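Everything below concerns the one structure shown next.
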Amino acid sequence: MTDEPTICVVEDDAAMRDALRMLLLSQDFNVCCYATAEDFLAEMDPSLACCVLTDVRLPGMDGFALHRHLVSLGTDPIVVMITGHGDIPMAVSALKEGVADFVEKPFDPAVLLDSLRGAMRRALVSQQRKAAAADLRSRMMALTSREDEILGMLIEGHPNKVIAARLRISVRTIEHHRAHIMEKARARSLSHLIRIALAMSD
């Protein structure tokens, strides 16, 4: 896998796998191919943006089990499923579970490509969201123990004077700490700071 968005094809039929690889390469997608879900999971890098194009029916872990496993890992998976045996209830079930799309074989290449382009846009958004969350965690971890204590009191709604009295330090010192907290969190206002802190606790 590369740092660029990648489509990970999971298909046990070698001929279909090769055909999908050629189709996707012809559209300038980065492509990785795997015969089983287990092979894909063994090489998967959760930090990279990818869209999983998987057959529903696979030896070992099937497409549905793969999607559920990725959800359990917290990877925010972007999965498009293909099958030659699908029916409407199966498609509805897959979509309710968060699968990005469901395409039946034999499929029109244009339809599949359109579905994958939409899925890749979602994958990029997911990657950007993960990067932002990681940056936020890094910034909040830079708080000192005292700053973290003061932040907790700010979240509880206590004004500077109350925090100062509880910690037996001056209001000016609280203001100094608070300014450092705002700077480290890159918060625009107290309400923004509180939203950031609450988001970290979710």
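The values are calculated or read from the model by the stated rules, or taken from the named source; none is laboratory data. None of these values were measured; they are calculated from a predicted model. A quick note on method: Cβ atoms are made from the backbone with ideal geometry, for glycine too, and the neighbour counts reach across all protein chains shown.
Table for the structure above
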{"read-out": "Residue within segment 57-69 that is within 22 Å of the chain's Cα centre (by Cα) and either part of a loop (DSSP other than H, G, I, E, B) or of a type in the set (V, I, T) (or both) present", "value": "yes"}
{"read-out": "Residue in segment 188-201 that is within 18 Å of L136 (Cβ to Cβ) and among the basic types (K, R) present", "value": "yes"}
{"read-out": "Only listed residue being more than 30 Å from R195 (Cβ to Cβ), in contact with a strand residue (DSSP E or B) (Cβ under 7 Å, 6 or more places away or on another chain) and not assigned by TED's automatic domain parsing to the domain that holds T173, chosen from F64, F102", "value": "F102"}
{"read-out": "3 or more residues more than 22 Å from R129 (Cβ to Cβ) and not hydrophobic (A, V, I, L, M, F, W, C): qualifying helices (runs of 4 or more DSSP H) within segment 139-202", "value": "145-155, 160-167, 171-185"}
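Residues checked against (1) under 22 Å from T54 (Cβ atoms); (2) of a type in the set (S, T, N, Q); (3) surrounded by 15 or more Cβ atoms within 10 Å (Cβ to Cβ); (4) under 21 Å from the mean Cα position of the chain (by Cα):
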{"position": "V99", "(1), (2), (3), (4)": "yes, no, yes, yes"}
{"position": "V125", "(1), (2), (3), (4)": "yes, no, no, yes"}
{"position": "A132", "(1), (2), (3), (4)": "no, no, no, yes"}
{"position": "E147", "(1), (2), (3), (4)": "no, no, yes, no"}
{"position": "A164", "(1), (2), (3), (4)": "no, no, yes, no"}
